[in-house]
1. Grab the DSSP H runs of the chain that are 4 residues or longer, score each as -39,500 (n - 2.57), total them, divide by all residues and round the 222 nm result to the nearest 500 deg cm²/dmol.
2. Among the lysines, which have Cα under 29 Å from the Cα of Lys23 when same-chain residues fewer than 8 positions away are ignored?
3. Quick one: longest stretch of the chain between exposed loop GluC sites (Glu not before Pro), exposed meaning at most 13 other C-beta atoms within 10 Å and loop per DSSP?
4. So, for the chain, what is the accessible surface per residue at a probe of 1.4 Å, expressed in square angstrom?
5. Given a 1.4 Å probe and every protein chain left where it sits, what share in percent of the accessible area of the chain is carbon and sulfur?
6. Tell me which of Ile30, Ala185, Gly75 sits at the most positive position along the dipole axis of the chain, charges placed on C-beta atoms (Lys, Arg +1; Asp, Glu -1).
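The values are calculated or read from the model by the stated rules, or taken from the named source; none is laboratory data. What you are looking at is a predicted structure, and each value in this text was computed from that prediction instead of being measured. Ideal geometry is used to build each Cβ from the backbone, glycine not excepted, and the neighbour counts take in all protein chains shown. When the accessible area is computed, the model is the full protein with side chains, heavy atoms only, and any ligands, DNA or RNA have been set aside. Shrake-Rupley method; radii C 1.70, N 1.55, O 1.52, S 1.80 Å.
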Amino acid sequence: QDILLLDSDGELRFSLSGRQGGKVNSSIAIALEAARSTGLANVTDLHKNPNNGLVHTDVVVPLRLGNGPQKRYIGSILLQVDPNTFLFPALRSWPIPSRTAETLLIRRDGDHVLILNEVRQRGDTALHLRIPENLTQVPSVMAIFAGVEGFVEGLDYEGKPVLASIKAIPDTNWQIVAKVSRDEALASWQASSHLIIALTLG
């Protein structure tokens with residue numbers, strides 16, 4: 001989405017998009033300080049750009065000059081990544097045609113589960129849709145507040161029965177929930193079972 005060059009004080013010196021001066025927001029400032037102290041690249045959580053409202057994540061790469069004891073921090077390169085380019089489309093994809101299947105990227109937000117990507121059944125949900133902790137039958141709540149992983153049955157954010165698979169994403173505070181409506185998932189099995197019963201009776 002954009003590439004920014006920041007000086008040692010976090011002031012913007014150059015950007016690919018032509019943005020001018022000023023300091024970065026607080027979420028990026030934390031990642032800048034982490035990159036500065038460790039000397040390693042740091043990735044921010046998904047968040048909205050206060051200037052344009054677009055969802056993105058940032059990769060902060062510290063710049064150091066010199067070697068050994070003489071090495072000093074001189075600034076950072078900030079890569080702003082648009083999740084709509086790859087991440088969100090990858091989450092929307094499904095290996096077979098499906099009416100109800102979807103994948104949710106989630107994390108904890110106080111006593112709620114925050115859904116980070118757009119969901120299939122509603123619009124404008126990225127970083128907006130929250131599910132309260134007390135809805136314990138929702139797979140996302142099971143993942144965040146009960147530490148559940150693997151295959152589960154439950155209710156989705158609209159209260160409909162679903163089958164879901166939950167997995168924590170290493171080195172992040174994110175978890176991923178792949179789910180499909182119970183009726184759709186079991187439709188072929190139910191058709192086969194009815195046929196078997198009919199043949200048996202015959």
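1. Details: 5 runs with 45 residues, N = 202.
Computed ellipticity for the chain at 222 nm equals -6500 deg cm²/dmol.
2. Within the straight-line cut-off, Lys23 pairs with Lys48, Lys71.
3. After excluding every exposed loop site, the longest remaining stretch is 1-148.
4. Numbers: 11790 Å² over 202 residues.
It amounts to 58 Å² per residue over the chain.
5. On the way: 6690 of 11790 Å².
Reported share for carbon and sulfur atoms: 57 percent.
6. Ranked along the dipole, the leading option is Gly75.
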